[in-house]
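Visitor: Sharing a structure below in structure tokens format, with a few things to ask.
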Protein chains: 2
Amino acid sequence: MKILVMVATCLVVGSISGVVTREAITTWYVTIEKPSFNPPNWIFAPVWTTLYILMGIGAGLVWQQIETKRQEVKSALVFFFIQLALNALWSLLFFGLKNPLLALIEIVVLLLMIYETFIKFNKLNKFAGYMFIPYLLWVGFATILNGAIWWLNK
Amino acid sequence: MKILVMVATCLVVGSISGVVTREAITTWYVTIEKPSFNPPNWIFAPVWTTLYILMGIGAGLVWQQIETKRQEVKSALVFFFIQLALNALWSLLFFGLKNPLLALIEIVVLLLMIYETFIKFNKLNKFAGYMFIPYLLWVGFATILNGAIWWLNK
């Protein structure tokens, strides 16, 4: 049940970003300069859906330990929600405001918060930590992509 | 329908902040120094519920104009979601991380984003703009309160 609530929460937050992204990706995003390693547009939606499901499973697993490890679980979930809010904010800055520089500054903070969440999740439940590895790798790649797009269009 | 969707979205985002806040307000918040104008704890929940409903009504009204004023509505809603994400983030920084300084820096950005949303909403629909006036006043007060709490406890 806790896993379902967390997966649903992540997908709802992701769908807000999705609306902004879908619109801009077919209009503004096709017109700007992109590096050679920019992936095809169709890849973003399935990748993000998968990542939101994985992070939701991780958060649900951690939440299940609330009775035995109250303080650690609460602290881990605070970082989880901070990274989730920053994740939604990134799409709004990059695709909504079409401001790659502001988005670049923000994604570095996001990456640090995801890493902190990963460390805290990993201590509570190894498997919950593993759920964050694809997410960390993707956002690491997204940071480089965002940096390259800002550089090519500044 | 659009109004209902927006009010529900705001209340769901607000309930995430609510969980973090409710826990900390009865434990950590009672132990720190607060200024004389700090309102009683019971006031926060009804005030925020009211503010989320009002901002949701405003956003729904603006969204209704999507067919006639596509660009302006989209731009106004991007700012609306940025301020909503920053609003959730503030509770996580102040009550979740218990870091009044980080929250203070963030609430100043939040206040600017609320003001920008207010201006954009007001241009599209006067009544939708009015929905933001109590919110602006409350967050203005919250900024002063946040600043005073940081100062008294630093």
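The values are calculated or read from the model by the stated rules, or taken from the named source; none is laboratory data. If you're wondering where the values come from, they're calculated on a predicted model, not measured in any experiment. Cβ sites come from the backbone with ideal geometry, for glycine too, and all protein chains shown count toward neighbours.
Visitor: A:VAL108 fails exactly one of the following numbered conditions: (1) in contact (Cβ under 8 Å) with a residue 40 or more places away in the chain; (2) farther than 18 Å from B:VAL19 by Cβ. What is the number of that condition?
Guide: (1)
Yes/no per residue for (1) in contact with a strand residue (DSSP E or B) (Cβ under 8 Å, 6 or more places away or on another chain); (2) away from every other protein chain (no Cβ under 14 Å); (3) surrounded by fewer than 19 Cβ atoms within 10 Å (Cβ to Cβ); (4) among the aromatic types (Phe, Trp, Tyr):
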| site | (1), (2), (3), (4) |
| --- | --- |
| B:ILE53 | no, yes, yes, no |
| B:LYS74 | no, no, yes, no |
| B:LEU77 | no, no, no, no |
| B:LEU86 | no, no, no, no |
| B:LEU124 | no, yes, no, no |
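Listed here are the residues, each with its yes/no results for (1) under 21 Å from A:PHE37 (Cβ atoms); (2) at pLDDT below 95; (3) more than 14 Å from chain B (Cβ to nearest Cβ); (4) touching a helix residue (DSSP H, G or I) at 6+ places or on another chain (Cβ under 7 Å).
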position	(1), (2), (3), (4)
A:ILE105	no, no, no, no
A:PHE121	no, no, yes, yes
A:LEU136	yes, no, yes, yes
A:THR143	yes, no, yes, yes
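Visitor: Which of (1) in a helix (DSSP H, G or I); (2) surrounded by fewer than 17 Cβ atoms within 10 Å (Cβ to Cβ); (3) of a type in the set (D, E, K, R) does A:GLU106 not meet, given it meets every other one?
Guide: Looking at each condition in turn, A:GLU106 falls short on (2).
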